[in-house]
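Okay, structure first, notes after.
The values are calculated or read from the model by the stated rules, or taken from the named source; none is laboratory data. All of these numbers come straight from a predicted model, not from anything done at the bench. Neighbour counts run over all protein chains shown; Cβ positions are idealised from the backbone, glycine included.
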Amino acid sequence: MRCPFCGHLQDRVVDSRQARDGAAIRRRRECLACERRFTTYEIIEEAFPQIIKRDGARQEYDRAKAIRGIRLACSKRQIPTSDIDQVVDRVEEKLLETGVREVSSDWLGTAITAELRDLDPVAYIRFASVYRGFSEVEEFLHELRELGDTTSAEATDDEEES
């Protein structure tokens with residue numbers, strides 16, 4: 001590991017421990033040349049499938065882009081950042097479970113909207129309107145009716161269980 005202070009390539013590990021709930025290893029290192037200490041993190045590099053856009057272009061999956069889109073849909077809503085991170089974590093888990101090298105942007109958008117539907121109906125509609133490219137008021141109304149039908153059915157199920 002290259003020392004961030006002097007650039008020397010040799011160091012020794014002073015301490016190692018788990019970090020980020022076992023998802024990483026934190027290592028304290030000491031440079032053998034300047035004797036200054038620095039911290040490194042070792043994480044598993046996960047190979048996400050490439051995303052195939054509607055125009056056929058391919059691009060790497062970008063977690064930050066997914067978070068930006070979800071945050072925009074959740075703006076002015078009382079949704080904690082941790083909930084948004086959990087949505088992205090669940091979508092990424094599904095993405096890795098597919099075991100394929102490429103997925104369509106439609107697949108990714110559908111996975112995100114499914115998660116948002118459970119999190120917040122307003123954020124769901126906002127995200128779906130951009131992702132699906134609603135251009136007519138009727139498209140909004142149709143989606144709202146479906147959401148209302150689902151919510152009514154869930155409320156009826158909850159009442160029956162009581």
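Looking at (1) under 17 Å from residue 127 (Cα atoms); (2) assigned to a strand (DSSP E or B); (3) not small (Gly, Ala, Ser), which one does residue 72 not meet, given that it meets all the others?
Looking at each condition in turn, residue 72 falls short on (2).
Considering only residues that are of a type outside the set (A, V, I, L, M, F, W, C) and either in contact with a Leu (Cβ under 6 Å, 6 or more places away or on another chain) or part of a loop (DSSP other than H, G, I, E, B) (or both), which ones fall in region 22-60?
Within region 22-60, 35, 36, 45, 46, 49, 53, 54, 55, 56, 60 meet the criteria.
What are the pairs with Cβ atoms under 7 angstrom where one residue, in region 83-105, is in the same structural domain as residue 70 (by TED's automatic domain parsing) and the other, located anywhere, is outside any helix (DSSP H, G or I) and of a type in the set (Ser, Thr, Tyr)? Sequence gap at least six, or different chains.
Cβ pairs passing all conditions: 95/61.
Going through region 108-162 one residue at a time, which ones are at pLDDT below 65 and in a helix (DSSP H, G or I)?
Of everything in region 108-162, those that are at pLDDT below 65 and in a helix (DSSP H, G or I) turn out to be 150, 151, 152, 153, 154, 155, 156, 157, 158, 159, 160, 161.
Among (1) touching a residue at least 40 places away in the same chain (Cβ under 8 Å); (2) outside the structural domain of residue 124 (by TED's automatic domain parsing); (3) small (Gly, Ala, Ser), there is one condition residue 33 misses while meeting the rest; what is its number?
(1)
Which of the residues that make up region 25-49 are surrounded by 15 or more Cβ atoms within 10 Å (Cβ to Cβ) and either within 30 Å of residue 103 (Cα to Cα) or small (Gly, Ala, Ser) (or both)?
48, 49
Out of everything in region 13-24 that is exposed (fewer than 11 other Cβ atoms within 10 Å of the Cβ) and not polar (S, T, N, Q), what residue ends up being modelled with the highest pLDDT?
By that ranking, first place goes to 17.
Right, residue 78: closer than 27 Å to residue 23 by Cβ, surrounded by fewer than 14 Cβ atoms within 10 Å (Cβ to Cβ) and free of Cβ contacts under 8 Å to residues at least 40 places away in the same chain or not?
no
Take the residues in region 1-47 that are among the hydrophobic types (A, V, I, L, M, F, W, C) and touching an Asp or Glu at 6+ places or on another chain (Cβ under 7 Å); name whichever of them is farthest from residue 107 (Cα to Cα).
32
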